[in-house]
Amino acid sequence: MTTSPAPVSVALLTLGCARNDVDSEELAGRLAADGFTLVDDPEDADTVVVNTCGFVDAAKKDSIDTLLAASDLKETGRTRAVVAVGCLAERYGEELAESLPEADAVLGFDDYQDISGRLRSILAGEKQHPHTPRDRRLLLPISPAERQAVAERPADAGQEVAIPGRAALRKRLDNSPMAPLKLASGCDRRCTFCAIPMFRGSFISRRPSDVLAEAVWLAEQGVKELFLVSENSTSYGKDLGDLGLLETMLPELVAVDGIERVRVSYLQPAETRPGLVRAIATTPGVAPYFDLSFQHASATVLRRMRRFGDPESFLGLLDQVRRLAPEAGVRSNVIVGFPGETEEEFQTLCDFLEAARMDVTGVFGYSDEDGTEAESFDGKLDDDEIRARVQHVTDLVSELTAQRAEERIGEVVEVLVEEVDPDGTGDGTVEGRAAVQGPEVDGSTRVLGVPEARVGDFVRAVVVASDGVDLIAEPQEGN
């Protein structure tokens, strides 16, 4: 008589972006289906899986610190194994395993399809060969139109590359009324500062039917807001023969029973076409929210980044947005101190930021990323100069975004409640996000005096004050 393996508990710790959140929930779905018990606290876990981030130095450090902290549990608790997955593991593989012997295994993306088998093997004491990194752009055809044929091969047909949307299972790891929903994976752009395409691979869209089916499932789990994520949402559909697929799919997502708001993330300015702007700005139920990856404003710096644009074209895009949705939310990220950045180019960026009136701007100082083209560029600025420029732009952005929030006083907003009584005072305050605020990286809105509100409710309110980028509102009469 055969016996089932004893239940094994596993905790998933996720760092980095919303795309990683989806990956973790897909791993959780596979593990739960194969008999693993999912736990929230790593101290209660036989195995701790750390889904790492490999984007910038600070994120890499956070990932390593989390792996080390988890490894300490092997000395003090029930934990028997700590496993690294995610972008840092995919990107560095053997190098990470050598430098971090505290981790029992370093697994790559292609291990995800048999994550249960990998973990059971590790717990059985079998040594895993560390993942060997490779340029994942080489795993799919150069022509986007030919990539879906690879994605549609049966899973048992020697499938070499993990394909987005192939995971049949997903298990939610929290009860948030917002959930990320992956549109695609990978990126075809060749920005000189960015290593993501090398370890995430070429761009490949998920089928609309898969996206919609997952949206229905998320709604059944109580999700009210869908956060559409990818490395480049403006490319969605190009490998399916229809670059306008996102525009046509947005109304279908909004129509899913239970879904009340849909938000699109990560738009490339050079690819943001008028039809997509119109769909995001005017489709009922779609947040008028534009996450535009400007990175800089100087045309010469952007060309060295192998990107396109200038202040005039970027401001023209923002004008287009605001003509259709005057109160739209806009966020972006910029890189300061790129190799060769002159004082004049730096001032061009600052002038653009003043003119753009964005709600949130992330500011990053340039640093070399392994294997990128910019790593070999001349004209590197010294660290002190980069730090000074970062501080200057950070201070400028802090002032500008506070002003933008203040401009919103008097606006009527629909706030998705994510926390009730955040201060524990019992005064009926709730906290959440208006349509102009994306999850985690943007500000929040506090609504005063709504004692009946619950997490997942939408509260219609009037902005009465601001605190930095955060908004303070009161319920609209008759709410």
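The values are calculated or read from the model by the stated rules, or taken from the named source; none is laboratory data. Computed from a prediction, not measured in an experiment: that's the story for all the values here. Cβ coordinates were reconstructed from backbone atoms using ideal geometry, including for glycine residues, and neighbour counts include every protein chain displayed. Keep in mind that these areas ignore ligands, DNA and RNA; they rest on the heavy atoms of the full protein, side chains included. Shrake-Rupley method; radii C 1.70, N 1.55, O 1.52, S 1.80 Å.
In the frame of its principal axes, region 389-447 has Cα extents of 43, 24, 19 Å, reported largest first. Here the average projected area of the convex hull drawn through the C-alpha atoms of the chain stands at 24.6 nm².
Could you work out the mean projected area of the convex hull around the alpha carbons of region 332-380, in square nanometres to one decimal?
3.8 nm²
In the assembled protein chains, residue 185 presents an accessible area of approximately 20 Å² (probe radius 1.4 Å).
With a cut-off of 11 Å on the backbone N, the residues of region 25-55 near the modelled label site 7 Å out from residue 221 along Cα-Cβ are 25-30. Per residue, the chain reaches -10000 deg cm²/dmol at 222 nm when only DSSP H runs of four or more residues are counted, each adding -39500 (n - 2.57). Between residue 375 and residue 299, the FRET efficiency estimated from the beta carbon spacing at R0 = 22 angstrom works out to 0.45.
Counted by Cβ distance under 14 Å from residue 362, the other residues give a net charge of -3, where Lys and Arg count +1 and Asp and Glu count -1. Our coupling estimate for region 401-408, obtained by passing each phi through the Karplus curve with A = 6.51, B = -1.76, C = 1.60 and θ = phi - 60°, is 6, 5, 5, 5, 5, 5, 4, 7 Hz, Gly and Pro reported as x. Computed over neighbours whose Cβ is under 12 Å from that of residue 12, the net charge equals -4, Lys and Arg +1, Asp and Glu -1.
In this structure, the residue pairs whose Cα-Cα separation is over 24 Å, taken from 127/171; 171/224; 171/238; 61/224; 74/171, are 127/171; 171/238; 61/224; 74/171.
Applying the Kirkwood pairwise sum to the alpha-carbon positions of region 93-154 produces a hydrodynamic radius of 13.7 angstrom. Expressed as a whole percent, the accessible surface of the chain that belongs to carbon and sulfur atoms is 49, based on a 1.4 Å probe.
For the chain, the list of Cys residues with no other Cys C-beta under 4.7 Å reads 17, 53, 87, 187, 350. Panel values: region 299-458, Kirkwood radius from alpha carbon pairs, Stokes-Einstein at 20 °C and 1.002 mPa s, translational diffusion coefficient 119 µm²/s. Subtracting the Cα-Cα distance of residue 34 and residue 323 from their residue separation scaled by 0.36 nm leaves 98.9 nm.
In the full protein context, the chain carries 43 Å² of accessible surface per residue, based on a 1.4 Å probe and ignoring ligands, DNA and RNA.
Karplus-based coupling profile of region 69-85, in residue order and whole Hz: 5, 5, 5, 4, 5, 5, 8, 10, x, 8, 4, 10, 8, 10, 10, 9, 10, with θ = phi - 60° in 6.51 cos²θ - 1.76 cosθ + 1.60 and x standing for Gly or Pro.
Taking amide H as placed 1.01 Å from N in the peptide plane, the amide H of residue 38 sits under 5 Å from that of 10, each at least 5 places away or on another chain. Net length available on complete extension from residue 95 to residue 149 is 16.1 nm, with 0.36 nm assigned per residue and the Cα-Cα distance removed. Which parts of region 235-274 would a label at residue 213 reach, counting a residue when its backbone N lies under 12 Å from a point 7 Å out along Cα-to-Cβ? Answer for region 235-274: none. Running Debye on region 275-355 with equal point scatterers at the Cα sites and no solvent, what base-10 log of I(q)/I(0) appears at q = 0.18, 0.19, 0.22 Å⁻¹? The calculated log intensity ratios at q = 0.18, 0.19, 0.22 Å⁻¹ are -0.74, -0.80, -0.98. In a simple Cβ point-charge model (Lys, Arg +1; Asp, Glu -1; nothing else charged), region 47-152 has a dipole of about 180 debye relative to its Cα centre.
Note on residue 142 and residue 273: with the Förster distance fixed at 25 Å, the Cβ-Cβ geometry gives a FRET efficiency of about 0.60. The HN-Hα couplings worked out from phi for region 241-247 by the Karplus form 6.51 cos²θ - 1.76 cosθ + 1.60 (θ = phi - 60°) are x, 8, 6, x, 4, 5, 4 Hz, whole numbers, x standing for Gly and Pro.
Compared with the direct C-alpha span, the chain from residue 172 to residue 58 gains 38.3 nm at full extension, assuming 0.36 nm per residue.
A Förster radius of 35 Å, combined with the Cβ-Cβ distance separating residue 395 from residue 421, puts the computed FRET efficiency at roughly 0.55. Note on residue 36: accessible area approximately 10 square angstrom, rounded to 10, probe 1.4 Å, nucleic acids and ligands left out.
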